[in-house]
Amino acid sequence: VIERVYKLHGFVPLETPSMENLSVLLGKYGEEGDQLVYRLLHRGDKLNRALESEGINENDLAELGMRYDLTVPLARVVAQHRNDLPRYFKRYQIQPVWRADRPAKGRFREFFQCDADITGTVSLMAEADVLNAVATILNELGFKNCQLDLNHRGLLRGMILAAEIDVELEGTTLTALDKLDKIGEEGVVDEMQEKGISKESAQKLLSLAGGSAGASDEEILARLRSEIREGEGAEALDDLENLLHLCSDTPAGNMLTLAPQLARGLSYYTGPIFEITSSDFRGSLGGGGRYDNLIGMFGKQQIPAVGFSIGLERILLLMDDLGLYPDIEACAQVLICSLKGTPLGGVISLAGQLRQRGIAVEIYPDQHKLGRQIGYADEGRIPFVIIVGEEEI
């Protein structure tokens with residue numbers, strides 16, 4: 001479903017290597033993200049030489065890492081091949097990523113991401129395009145209680161300034177704010193204080209970011225405009241209002257909701273950011289945003305971009321919890337059951353003849369009692385069995 005919807009929206013497939021140079025990966029995800037990158041040790045003599053050196057650290061022992069997400073590899077590819085790609089490059093990518101995280105329900109060390117990104121434009125039409133692709137996917141999979149939370153990095157920066165927090169602490173502030181749903185307001189305030197932010201400023205930021213429960217998007221915009229009247233924050237509010245208007249009569253329109261507390265911890269975002277949340281699931285089912293400066297880190301030219309990533313395993317967990325899986329059809333149309341003493345060469349020959357005629361065939365490998373073999377067909381939802389013995393062969 002995900003792949004089909006991405007294709008319907010004009011995205012083309014791309015795959016990138018599982019491993020990237022650490023120079024590609026590090027410095028793109030924030031300090032905490034960098035700690036979760038799996039590093040691959042040097043091998044052989046190179047490792048031995050590194051271990052024998054004085055004052056070594058982890059950077060001396062590895063130069064490759066496992067792919068942490070699909071966005072940074074895309075940025076590298078676009079920068080490297082920009083002359084060979086269309087002006088507006090729309091790609092989807094469905095591949096595993098790896099993070100050195102603590103496993104728990106919905107949290108994995110290896111998981112699939114399903115990304116759709118558009119490079120080459122700053123138009124909000126790109127945001128609307130990826131949001132509508134994701135909304136269509138959620139609708140087709142049968143989710144009823146999902147919403148697309150929407151915020152803007154420029155608005156977050158405006159709120160940080162309004163809370164009188166030093167701009168140099170922006171990354172630290174957003175990392176703490178991104179944990180709001182996990183550690184609560186008190187936990188966020190405590191973490192900010194540990195990083196050198198005053199309690200008053202931390203509480204002011206949470207006041208600006210919160211207070212939206214039950215409020216309409218129009219009421220949230222009006223409240224924030226009364227606090228943030230100029231600069232990047234005011235421009236961000238205009239972008240959010242325009243994006244809500246663009247999506248008002250689309251699949252995403254009924255799901256989009258302003259969420260000033262949404263931070264998205266990755267450091268490469270520059271504009272609108274979004275996240276899939278559900279009242280049926282604790283945590284995010286996917287997210288994304290605009291990242292206009294990332295591709296320029298790998299080349300001489302800045303190329304704007306926006307994208308969305310769906311976490312496949314979390315989607316599967318929620319579908320299982322909600323009973324949304326359709327009945328699974330058997331791969332085989334027929335099971336060949338052979339009685340004791342049946343020549344196996346004839347069984348295999350029969351299966352081959354049926355397959356040549358386009359019939360999907362499974363062979364029961366042992367000559368067990370017939371009832372046991374037919375029971376296997378029932379369990380596997382295989383609609384037909386062919387029973388053969390020495391005479392039938």
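A few points about this structure:
- Of the set (1) more than 22 Å from residue 143 (Cα to Cα); (2) within 23 Å of the chain's Cα centre (by Cα), all apply to residue 346 but (2).
- In the range 100-117, the residues that are closer than 14 Å to residue 69 by Cα form Cβ pairs under 6 Å with partners that are open to solvent by 60 Å² or more (accessible area, probe 1.4 Å) and of a type in the set (Ser, Thr, Tyr), at six or more places apart or across chains, as follows: 100/38.
- Some residue of the range 330-352 being crowded, with 18+ Cβ neighbours inside 10 Å and in contact (Cβ under 8 Å) with a residue 60 or more places away in the chain: no
- Residue within the range 237-257 that is small (Gly, Ala, Ser), open to solvent by less than 70 Å² (accessible area, probe 1.4 Å), more than 22 Å from residue 167 (Cβ to Cβ) and modelled with pLDDT of 90 or more present: yes
- All conditions in (1) surrounded by 13 or more Cβ atoms within 10 Å (Cβ to Cβ); (2) on the phi > 0 side of the Ramachandran plot hold for residue 44, with the sole exception of (1).
- Applying the condition of being of a type in the set (Gly, Ala, Ser) and part of a helix (DSSP H, G or I) to the range 371-393 and asking which residue is farthest from residue 327 (Cα to Cα) yields 371.
- Sole exception among (1) open to solvent by 40 Å² or more (accessible area, probe 1.4 Å); (2) on the phi > 0 side of the Ramachandran plot for residue 283, by number: (1)
- Search result, residues across the range 33-77 that are among the small types (Gly, Ala, Ser), touching a helix residue (DSSP H, G or I) at 6+ places or on another chain (Cβ under 8 Å) and touching a residue at least 60 places away in the same chain (Cβ under 8 Å): 75
Listed here are the residues, each with its yes/no results for (1) in contact (Cβ under 8 Å) with a residue 40 or more places away in the chain; (2) in contact with a strand residue (DSSP E or B) (Cβ under 9 Å, 6 or more places away or on another chain); (3) over 23 Å from residue 282 (Cα atoms).
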position	(1), (2), (3)
157	yes, no, yes
168	no, no, yes
187	no, no, no
190	no, no, no
196	no, no, yes
214	no, no, no
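- Every residue from the range 155-174 that is assigned to a helix (DSSP H, G or I) and open to solvent by 40 Å² or more (accessible area, probe 1.4 Å): 157, 161, 167, 168, 169, 171, 172
- Unique residue being open to solvent by 20 Å² or more (accessible area, probe 1.4 Å), in a strand (DSSP E or B) and not small (Gly, Ala, Ser) when the list is 118, 94: 94
- The range 238-252, residues that are within 17 Å of residue 220 (Cβ to Cβ) and not in a helix (DSSP H, G or I): 247, 248
- Evaluation of residue 312 against the conditions (1) open to solvent by less than 20 Å² (accessible area, probe 1.4 Å); (2) within 30 Å of residue 103 (Cα to Cα); (3) at pLDDT 95 or above shows that the sole unmet condition is (1).
- For the range 1-41, the set of residues classified as assigned to a strand (DSSP E or B), surrounded by 13 or more Cβ atoms within 10 Å (Cβ to Cβ) and among the hydrophobic types (A, V, I, L, M, F, W, C) consists of 19, 40, 41, listed by residue number.
- Residues being closer than 27 Å to residue 135 by Cβ and open to solvent by 10 Å² or more (accessible area, probe 1.4 Å) are represented in the range 181-191 by at least one member.
The values are calculated or read from the model by the stated rules, or taken from the named source; none is laboratory data. The model shown is predicted, which means the values in this text are computed figures rather than measured ones. Cβ coordinates were reconstructed from backbone atoms using ideal geometry, including for glycine residues, and neighbour counts include every protein chain displayed. Keep in mind that these areas ignore ligands, DNA and RNA; they rest on the heavy atoms of the full protein, side chains included. Shrake-Rupley method; radii C 1.70, N 1.55, O 1.52, S 1.80 Å.
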